[in-house]
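Enquirer: Here you go, one structure.
Bear in mind that the values in this text are calculations on the coordinates, not laboratory data. Predicted model, so just to flag it, every value in this text is computed and none were measured. Note: ideal-geometry Cβ built from the backbone for every residue, glycine included; neighbour counts use all protein chains shown.
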Amino acid sequence: MSFAHLSSYFMLGSLLLFAVALRVRRRRLSEVAPAIGLTMLVLLVLTAVFDNVMIGSGLFDYNNQTLLGIRVGLAPLEDFSYPICAALFVPALWLLAGGAFSGNTPEPVLPPQPGRGKDA
């Protein structure tokens, strides 16, 4: 199995979970797209920089037989699927767990303080 094949399963799973989260929480893609897009961009840039540093310093390498052969510097293209998956998977879990995006954050409910009644 190639890295591209394996990455496609992760991408499909992340996309499906993200779609389910949007549907369950009744959110439109246009509401969350700017945050997701910015997150993806930052993660992709960080992946490009740090993968190249790690591969260039000899920390790890890939078996070229399992890669597509397309590289960004020293980093194989397949490495960039994981930050995309993370940028979809983590917000999907956040939404499904009941989290809200900025602008819709509810006020926190604080427990009553001892010694303070409604009159205080």
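Enquirer: Which members of the stretch 1-41 meet the condition of being aromatic (Phe, Trp, Tyr) and surrounded by 13 or more Cβ atoms within 10 Å (Cβ to Cβ)?
Expert: 3, 10, 18
Enquirer: Any residue in the stretch 69-92 that's assigned to a helix (DSSP H, G or I): show its pairings with residues that are of a type in the set (Lys, Arg) at Cβ separation under 8 Å, as long as the two are six or more apart or on different chains.
Expert: Once the first residue is assigned to a helix (DSSP H, G or I) and sits in the stretch 69-92, its partners that are of a type in the set (Lys, Arg) give 77/71.
Enquirer: A further question follows. Just for the stretch 13-68: of the residues that are free of Cβ contacts under 8 Å to residues at least 24 places away in the same chain and assigned to a loop (DSSP other than H, G, I, E, B), which one is nearest to residue 3 (Cα to Cα)?
Expert: 63
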